[in-house]
Amino acid sequence: MTQNSASKLLNGDTVHRTKQDKKAGGNGFVKNHCLFQQKRYRRPAEKNHHASCTSLYKKPFVESFEETPLLVAVLTYMGYGILTIFGYLRDFLRDWKFEKCHLAREREEQKDFVPLYQDFENFYTRNLYMRIRDNWNRPIRSVPGAKMDLVERVTPDYNWTFEHTGKVLKDVINMGSYNYLGFAENTGTCADAASECAVKYGVGVCSSRQETGNLDKHEELEKLVARFLGVESSMVFGMGFATNSMNIPALMGKGCLILSDELNHASLVLGARLSGATIRVFKHNNMQSLEKLLRDAIVHGQPRIHRPWKKILILVEGIYSMEGSIVRLPEIIALKKKYKAYLYLDEAHSIGALGPRGSGVVDYFGLDPCDVDIMMGTFTKSFGAAGGYIGGKKDLVDYLRLHSHSAVYATSMSPPITQQIITSMKCIMGEDGTTLGQERLCQLSENTTYFRRRLHEMGFIIYGNNDSPVVPLMLYMPAKIGAFGREMLKRNIGTVVVGFPATPIIESRARFCVSAAHTREMLDTALNAISEVGDLLQLKYSRKNRHGSEGTDLFSYLESHQD
């Protein structure tokens, strides 16, 4: 709902045909495991390599996706059906000039041009999205930290336009920003260092890295990122979205196969599509689905010509931002090694938020970073900055410096942003001479466990992994999307609500992001408001026993076994 482009960038099963290669290869293993070289895949020898999943994990891995109650699902479909019927009725009234609002429709003078909207997008925007549009794009006039100030606005025409009243809603508890470690702040060491850097270097570089935009700060940051991740080399980019969408096409092309999780972010999907490679989608975190695709790819090769694939790349995320789930990385690495594929790991939400050292999902599972071919992440969440990075072997990074559009054509990262990342990363690593970073990591873990356990005890259906700071609370019905956001704001709590097409049509939700900057008092205030609104809107759908249940015992067990 919040991103209309999500409906346009869904993973597809489109098969791209490739011309016959002059160098035909037989079936056998890939010898040189370097991603950007065009090697052929061959069928591996059959081995009994199916180790039990539990042997791959060093601690409990618990995720919850409680099934939607049947009555709730039926009522949700009915709600969308009623909205659709009334939408067509309103369109009929618009055609007969009874309905005065004609926004999101093509003007008469534009009829001969290519339509700006598809018919269903038009209809959905006019009749469904506009009813609850006031829940998004609220102007903020402060640092989006644990608390924030919102500009009050009203609408005279049912959310088609907004007017500012001049008032400000003070100290709204921010439960929606990806400020996992609380580095989104305007005071403290990071802010002071960024200010000093802006005075020395200015705000903009006005050039790409390959021309006159390569600063000593950029090289310092890249060495620091490589050390933080435990890899040979790294490269930083000025935009997180472009880190995915512009680098995947540099690594993959026609004759290559991309295996993408069905819930991957739009930037990964866009990058995969721009590459021209064949895309096949596996079910979310489903290893049986992934292994079947891998096996079929090895056995059958490319469509029609049946030549071996030049490269096979698995695309996954560390934490999935709409589900709150954590990738089953130990199992994926085992499959990747078994079938000689490559692995691209997007740690946008997990870097800084998971693991005893804050190094992301690889650190969380205690795995070797060398087992991940391409480690990608962003600085927009845990580091309170902007941009992204690619980490891996030096050969890989050197290749991207020459072939990535983000490296060759994009303007370099802003110096104050670079300094913000350096300072916050050194804080997390403990290289600033303090224990502040470790304290924030521990605080985030405690807040996550506490917040999830309390919501579970209240009777809400929450999705995701017990260690994930992204906490989706299921709303389901379309009318409750807008109502929940408005009622929470009345209680001075800022939340993010999400619906179709960003989620499945019957799985609308509120998405909370827990931060180390949240105090226990803030969390209790937010939880009391959530419980109150949950009773008001009848959102406590969980059919599990709320007190003394298996789930509550599990949370207590995990709390007592935290690292």
* Cα centroids of the stretch 391-405 and the stretch 283-318: how far apart, whole angstrom? -> 24
* Distance violations [Cα-Cα > 32 Å] among LYS147/LYS394; LYS59/LYS381; LYS217/LYS340; LYS59/LYS338; LYS59/LYS292 -> LYS147/LYS394; LYS217/LYS340
* To do: Can you tell me the alpha carbon radius of gyration of the stretch 189-429 divided by the globular rule-of-thumb value 2.2 N^0.38 Å?
  => 1.01
* Structure fact -> In whole percent, the fraction of accessible protein surface over the stretch 189-429 that belongs to carbon or sulfur atoms, probe radius 1.4 Å, stands at 53
* Roughly how many Å is it from the Cα centre of the stretch 414-488 to that of the stretch 361-375, as a whole number? -> 22
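Heavy-atom accessible area per residue, the stretch 321-430, 1.4 Å probe: how many Å²?
Details: 2890 Å² over 110 residues.
In whole numbers, the stretch 321-430 has 26 Å² accessible per residue.
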* Structure fact -> Sorting TRP96, TRP160 on solvent-accessible surface, 1.4 Å probe, most exposed first, gives TRP96, TRP160
* Which whole-number value in Å² is the accessible area per residue of the stretch 130-224, probe 1.4 Å? -> 54
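Could you sort GLU291, GLU211 by their accessible area in this structure, using a 1.4 Å probe and putting the largest first? List each step's numbers first, then the result.
Details: GLU291 25, GLU211 135 Å².
Of GLU291, GLU211, the descending order of accessible area is GLU211, GLU291.
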* To do: Using a cut-off of 14 Å between beta-carbons, work out the net charge of the residues near ARG227 (Lys and Arg +1, Asp and Glu -1, ARG227 not included).
  => -2
* To do: Would you please report the Å³ per residue occupied by the convex hull of the alpha carbon atoms in the stretch 280-374?
  => 94
* Structure fact -> Any aspartates and glutamates whose Cα falls less than 14 Å from that of LYS170, other than same-chain ones fewer than 8 residues away, would be ASP149, GLU152
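The values are calculated or read from the model by the stated rules, or taken from the named source; none is laboratory data. These figures come from a predicted structure and were not determined experimentally. Heads up, the Cβs are rebuilt from the backbone with ideal geometry, glycines too, and the neighbour counts pull from every protein chain shown. We work out accessible area using only protein heavy atoms, side chains counted, and drop any ligands, DNA or RNA first. Shrake-Rupley method; radii C 1.70, N 1.55, O 1.52, S 1.80 Å.
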